[in-house]
Amino acid sequence: MSGFSPIKACLSTPPVDPRSLAALQLRFGENYRWRVLLTVMLGSMASIMASTIVNVAVPDMSRVFTLGQDRAQWLSAGFMAAMTLSMLTTPWLLARYGYRRTYTGAVLLLMSGGIAGGLAGWFELVLAMRVVEGLAAGVLQPIPAIIILRAFEPHEQGRAMGIFGFGVVLAPALGPSVGGLLVEWFGWRSIFFVVVPFGLAALALARRYLPITGPGGVAADHDGARLDVRGLALIAAAVLCILNGLVSLHADSRGAALALLAGGVAALVMFIMHQRGAAQPLMRLEIFSHRAFAMGGAVAFIYGMALFGSTYLVPVFMQIALQLPPSQAGAVLLPAGLVLAVTIPLAGRLADRLPASRLVTGGLLLLAASFVLMLLVGPDTALWILAVFAIIGRFGLGFVLPSLNLGAMRGLPDALITHGSSGINFLRQLGGAMGVSLAGIVLEWRLQVHPADPLRAFHETFALLGVITSAAMVAAWRMKAPGRP
């Protein structure tokens, strides 16, 4: 087995470099792969915490910087857009610099963005630091799936993904509660510093456990691996034009919005054509020739729109429509986060036994139901009912998270695993970036339509997210490989 599998030849020949994969395997033994998993888990927790915790502070920051929903949503959408683009560079970074240097550099960049964002005095700098954090998070996100698919045997990959997911979801589970308290006690700046302790722990573990080699245990090639700069420029233009076009649709200049959207689509087509002929493409398009991956990518994009759109929408809904303080809004989401953390290991074990298509479809059904149930929430709704609705969605999400990556990527050859991991994460985050923009734009539009009834505006936006999630179930059911039950 390639990647983090034992290398028998090293038993008789002392490793040249103690930081190489072979040397670390010999030093730490059979449990080495679990230590690597813990290491990358901390970096992912820090990046996910940075992604979600800011949503609790959006109303407070909107008051400080005099922001409307169309500008405030860029705090999340800017992060998501940067994260989406940098994901495609992960295979190149790993091949050129190896696991340790790539991971350490991304964690340092994430911490720098958090510290500078917390110290910033104007909105434009805060937004720029959110983009910096997003760039770092995008590099970090594909690494765990690459390691799990290379380090663990097929019969234990679901368990590994479940354990990894358990740790990772603690960040968004605790983030709203911790963030709500921090905003009330110390103001919005304090939430930017939350990534620092996670980052310091991740750096210490990376220095001890991550190899300097790249995927497959091969030495990092500082000269041979080349970044597809043209492809990166094209996909960056596509993403930025599409996101700005969505925002401009709500402005008075509809012509400019349509021009941006058309430019984004044209850049996306050019990116696909360029990838077909590139010697070292950002994304190897042959991954889409595998039906399970193609359908899994469609699911990732669609459900990413709904998931991240709701992550932005729910805290704002509870504070604006329901008039809940930040701490109380975060506390309502805490039980759902804990349920998600417990569900993921169970779903991970089931992913080793049941078809991923069934688990993902069932999870999406529960997630869509939670959005529809939000239409029943009003100012007089008991908080425990709101918590139950959130639990239903997070319970469904718990079945989607460990199953989607495994179901989509298990059939890929070893040579395509790094591109498959970055590709499916790219599609999910691209959907997420568009979902956050769409949620903010639709909400702003409906608030103007119903200026005296903000609750109705939120209900209509939640209904849209429910419809989007339901559409993903069609692709989820088709994830199963032909001939399999």
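Annotations
- The listed residues are 439, 382, and the only one of them that is of a type outside the set (Asp, Glu) and crowded, with 24+ Cβ neighbours inside 10 Å turns out to be 439.
- Total residues in the stretch 442-473, condition in contact with a His (Cβ under 7 Å, 6 or more places away or on another chain) and surrounded by 18 or more Cβ atoms within 10 Å (Cβ to Cβ): 2
- Checklist (1) in a helix (DSSP H, G or I); (2) modelled with pLDDT of 85 or more applied to residue 401, failing item: (2)
- For the stretch 391-411, the set of residues classified as more than 17 Å from residue 341 (Cβ to Cβ) and either surrounded by 16 or more Cβ atoms within 10 Å (Cβ to Cβ) or out of contact with any helix residue (DSSP H, G or I) (no Cβ under 6 Å at 6 or more places or on another chain) (or both) consists of 404, 405, 406, 407, 408, 409, 410, listed by residue number.
- Pick from the stretch 416-435, criterion polar (S, T, N, Q) and closer than 18 Å to residue 280 by Cα, ranking: surrounded by the fewest Cβ atoms within 10 Å (Cβ to Cβ): 418
- Meets criteria (over 19 Å from the mean Cα position of the chain (by Cα) and within 27 Å of residue 333 (Cβ to Cβ)) for residue 454: yes
- Failed condition for residue 91, given (1) modelled with pLDDT of 85 or more; (2) touching a Phe, Trp or Tyr at 6+ places or on another chain (Cβ under 8 Å): (2)
- Exactly one residue out of 95, 116, 151, 136 is in the same structural domain as residue 36 (by TED's automatic domain parsing), surrounded by 24 or more Cβ atoms within 10 Å (Cβ to Cβ), in contact (Cβ under 8 Å) with a residue 12 or more places away in the chain and over 21 Å from residue 398 (Cβ atoms), and it is 136.
- Residues satisfying the stated conditions in the stretch 320-341, i.e. touching an Asp or Glu at 6+ places or on another chain (Cβ under 9 Å) and assigned to a helix (DSSP H, G or I): 326, 327
Condition check ((1) in a helix (DSSP H, G or I); (2) buried (at least 20 other Cβ atoms within 10 Å of the Cβ)) across all residues:
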| residue | (1), (2) |
| --- | --- |
| 246 | yes, yes |
| 257 | yes, no |
| 262 | yes, no |
| 265 | yes, no |
| 271 | yes, yes |
| 276 | yes, no |
| 282 | no, yes |
| 293 | yes, yes |
| 298 | yes, yes |
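- Filter result (farther than 29 Å from residue 26 by Cβ and either surrounded by fewer than 19 Cβ atoms within 10 Å (Cβ to Cβ) or among the hydroxyl-bearing types (Ser, Thr, Tyr) (or both)) within the stretch 190-212: 190, 193, 196, 197
- In this entry, residue 363 is excluded by the filter for residues that are part of a helix (DSSP H, G or I) and either without any contact (Cβ under 8 Å) to a residue 40 or more places away in the chain or acidic (Asp, Glu) (or both).
- Contacts under 8 angstrom Cβ, first residue in the stretch 386-412 being farther than 13 Å from residue 476 by Cβ, partner at pLDDT 90 or above and among the β-branched types (Val, Ile, Thr), 6 or more apart: 386/377; 389/377; 412/287
- Across the stretch 75-117, the number of residues qualifying as more than 23 Å from residue 440 (Cβ to Cβ) and of a type in the set (Gly, Ala, Ser) comes to 6.
- Condition met for residue 372 (surrounded by fewer than 23 Cβ atoms within 10 Å (Cβ to Cβ), free of Cβ contacts under 8 Å to residues at least 12 places away in the same chain and farther than 24 Å from residue 232 by Cα): no
- Residue 388, sole failed condition from (1) under 29 Å from residue 293 (Cβ atoms); (2) modelled with pLDDT of 90 or more; (3) surrounded by fewer than 19 Cβ atoms within 10 Å (Cβ to Cβ); (4) not hydroxyl-bearing (Ser, Thr, Tyr): (1)
The values are calculated or read from the model by the stated rules, or taken from the named source; none is laboratory data. This is a predicted model, so every value here is computed, not measured. Cβ: placed from backbone, ideal geometry, glycine included. Neighbour counts: every protein chain shown.
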